Amino acid sequence: MSEFQLEMNRFSTKVSDFLRRITYRLARTDEQLTNVFKLRYDANLKEQTILPNSSEILSDRFDETTNGFNVGVFLDGKLAAALRLHLLCPSYPDSPLVHAYPDLVKPRVEAGFRIVDITRLAADFAIARSEPYLAYATVRLSMLMCEHFEADLILAAVRREHIPFYRREFFATQLERVDIHRVQICALTIDSMDMNALGVCS
C-alpha cells in the first residue's frame, strides 16, 4: 500500500470517528430555524461580514423557497454548525447562486443539470477552533444531498481564503474568479471523489 493510500486510510478513520459524534437535523420549526439563523448571525458578525442588527438573526428570502433546506449540524448534541442547501433543476430553477451568478449557473440548469447549491455555511467559533473536522462534516451534507437526489454537480461561492480547503478536501475546481466580496465559484465535481473514502457512505 502506498504512503498516499495509508494517509487516506488514516484520514478516513479520523473522519469516521468524528462523524459518530455528529447528528444532522433538518430545521423545520420556527424555533429550529431561529437557532440556525442566530448561529449564522453570530458567525458572520465574528467574521465582520455583516453589521449588527437588533434581531440578532441572519436570514433572507432563500430560506423560504420550496427547494431549500436548512440543516443544523449537532456535535455531541449541541448545535455546532449549519448549512443551507438548494436543489436546482429545470423544475426548481431558483437559488442564491442563480441569483448572484446567472451567467455561470443558469445555462447549466437549463441544460438539465441537477445541481446542489450550498450557501450560508456557519459554525460556532469556539467549537470550530477546537474541532478541525467540523467544516468537513458540514460540507459533507452537500455530498449526501447530491447522492440522495442524484445530482450532477455541487456549487459553492467560496471566499478566496477558503479555496485551498475545498481544493484539498473535496477536489473542487474553479469555475470563475469573482473579486467582489472576495468570492469565487467552486465546483465540487462528484466524479472525481472517492465517496467511500470521504465517509459519505458511512
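Laboratory data are not the source of any read-out in this text; all were calculated from the coordinates shown. Computed from a prediction, not measured in an experiment: that's the story for all the values here. All Cβ positions, glycine included, derive from the backbone under ideal geometry; neighbour counts span all protein chains shown.
Summary of values
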read-out: Extension gain, residue 56 back to residue 106 (0.36 nm per residue minus Cα-Cα distance, nm); value: 14.7 nm
read-out: Total charge dipole magnitude, segment 3-192, about the Cα centre, Cβ charges on Lys, Arg, Asp, Glu only, Debye to nearest 20; value: 360 debye
read-out: Whole-Å distance, taken between Cα centres, linking segment 124-164 and segment 67-120; value: 12 Å
read-out: For segment 1-83: rounded, prolate or oblate by the Cα gyration tensor [a/c cutoff 1.5]; value: prolate
read-out: Cα-only radius of gyration and Dmax that characterise segment 3-192, units Å; value: 16.4, 53
read-out: Least to most buried among 148, 99 (fewest other Cβ within 10 Å first); value: 148, 99
